[in-house]
1. Considering A:K120, A:K108, A:K26, A:K41, which residue is modelled with pLDDT under 90, in the same structural domain as A:P160 (by TED's automatic domain parsing) and more than 21 Å from the chain's Cα centre (by Cα)?
2. Among the listed residues B:L63, B:L27, B:L49, B:L2, which satisfies the condition of being closer than 29 Å to B:I95 by Cβ and under 20 Å from the mean Cα position of the chain (by Cα)?
3. Being free of Cβ contacts under 8 Å to residues at least 60 places away in the same chain and at negative phi narrows it down to one of A:E82, A:E112, so name that one.
4. If a residue must be under 27 Å from the mean Cα position of the chain (by Cα) and away from chain B (no Cβ under 11 Å), how many such residues does segment A:65-103 contain?
5. It is to be established whether one or more residues within segment A:104-117 are touching a strand residue (DSSP E or B) at 6+ places or on another chain (Cβ under 7 Å) and either polar (S, T, N, Q) or within 13 Å of chain B (Cβ to nearest Cβ) (or both).
6. If you take the residues of segment A:29-38 that are under 11 Å from the mean Cα position of the chain (by Cα) and of a type in the set (G, A, S), which of them is surrounded by the fewest Cβ atoms within 10 Å (Cβ to Cβ)?
7. In segment A:185-195, is there at least one residue being surrounded by fewer than 15 Cβ atoms within 10 Å (Cβ to Cβ) and not small (G, A, S)?
8. Identify the residue in segment A:158-183 that is under 12 Å from the mean Cα position of the chain (by Cα) and among the charged types (D, E, K, R) and, among all such residues, is nearest to A:V25 (Cα to Cα).
Amino acid sequence: MSVIVSGLTKIYGTQKALDGVSFEVKPGEILGFLGPNGAGKSTTMKILTGYLPQNAGNASVCGFDVNTQSMEARKKIGYLPELNPLYTDMYIKEYLLFSASLMGITGKEANEKVESMISKTGLNAELKKQINQLSKGYKQRVGLAAAMLHNPEVLILDEPTSGLDPNQVVEIRNLIKEIGKDKTVIFSTHIMQEVEAMCNRVIIINKGKLVANDAIENLQKQMQKAYVLTVEFKQVIDLQILETLAHLVQTEKNGNTYKIKATQDIREGLSLLAQKQGWLILSMNLEENSLEDVFQSLTR
Amino acid sequence: MLSIYIKEIRSFLSSLIAYVVMLVFLLAIGLFTWVLPDYNVFDYGYANLDTLFSMAPWLFIFLISAITMRSLSEEKRNGTIEIITTKPISDLQIILGKYFAGLTLVLFTLLPTLIYYVSIYQLGAPVGNLDSGAIWGSYIGLFFLSSCFVAVGMFASAISENQIVSFVVSMFLCFLFYNLFELIADFKLLGTWDSAVAGLGINAHYESMSRGVIDSRDLIYFIGFDVVFIAATKTLFGGRKW
């Protein structure tokens, strides 16, 4: 196991930020760490990286306890903190060399690693700039480059894509996927699609407690099956007639578009009804449970 | 430790702090020593550097506080503390790296004043008629005094995320330890304890070194002072772990 967390508890003052969280991450696994804001995602990561101590429980990285063998554990970790703090008055290369020297990499080796990281993260064009002159996306690349410089076995990324524009989000995701290929990656987010796009497994925590820990498909299966049909009509329709449909649970109106929840696939019945009533259907779209629903139902 | 040290030195050089501190110090000391009436060497008529050694601690109260105020507080404010404290170096190494960087800057601020020593050496009648022992003792004393101020400044910087708070606290603590204990002793309220209270202050030991005698008691005081404040800084800096 790359990362083992058992019974982790953290108390801030009187508030329990983490309450007996346990999970394990296998080598090479990409784990999505999901939860609403303030659920304890960052706290878990801060404990794993040795920034904060826990009040109870244990955590180890690559077999090293994060408290008693902190230095060894830290060497195995590449960490990108939340909001990506950087020394903004430094130049990119200067900052990366500084990060390398903190990891104990100096001289020629440091230069080589920095050069290869710069080309991997696509920072070549920006090299002449100070970090504070970079766009947010490029700053994120610098943060990632610094985190991955020493080729760590475990990458811990705290909301690596938050605050980026959609293109940058895709770029950073691809970067993480590519560089994290043979590494254990734990990354936190509150964007569901991100987890669906990147992870094998997902952990959801809420109010400091673990509420789900499973492969994404399994989580979706666990949920009670529900069909959500989004239908757009050309004209205003009579809602009362619509609600006579069998198996219908709930309807939501938004202009001429209706979101219909049902316990079965009711597309056929709806078409027949529309034909009878002379309603013109412009579009119809059936959704199954998305991870977003899983998330909402688990963290409510 | 070395990587933090180098990073701090580079940031002093790239952020103008180093130049401004050196410029202001040398300008002020130069004016007092050579130009301003009453204080300058020519009016004074003695071949010594007393003006430099009596003014420098007061300037250092401001300047060293300005050098150190950002060292830890800025790391906390920007969140970069999370970057350096999750790397395989200890908190003490971080603090010592920053401490020695500050001390180096102070040392390089003092170095150019050696020109004054040479000038006054030449100006003496006859040439070389000055108390070199006392001057070297004063330089060493001033260096140790600066090391205390840097340690106090680091401590103040660990108190707050706000640089202004750190700056003001540092100035107050430097003043307290430099002079205030001696002033309290001057009230002569404590009988035999007066000299002990004065001995708590930096100035008593600085003056003792200025006479050109390197007394082990003074050395122990200065080094002990640094150790205590660095330990206190480490405790505060590790405050996230409480």
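1. Values: A:K108 fails: modelled with pLDDT under 90; A:K26 fails: more than 21 Å from the chain's Cα centre (by Cα); A:K41 fails: more than 21 Å from the chain's Cα centre (by Cα).
Criteria check complete, one pass: A:K120.
2. Of the residues listed, the single one that is closer than 29 Å to B:I95 by Cβ and under 20 Å from the mean Cα position of the chain (by Cα) is B:L63.
3. Of the residues listed, the single one that is free of Cβ contacts under 8 Å to residues at least 60 places away in the same chain and at negative phi is A:E112.
4. 3
5. no
6. A:G32
7. yes
8. A:D158
The values are calculated or read from the model by the stated rules, or taken from the named source; none is laboratory data. None of these values were measured; they are calculated from a predicted model. Cβ atoms come from the backbone with ideal geometry, glycine included; neighbour counts cover every protein chain shown.
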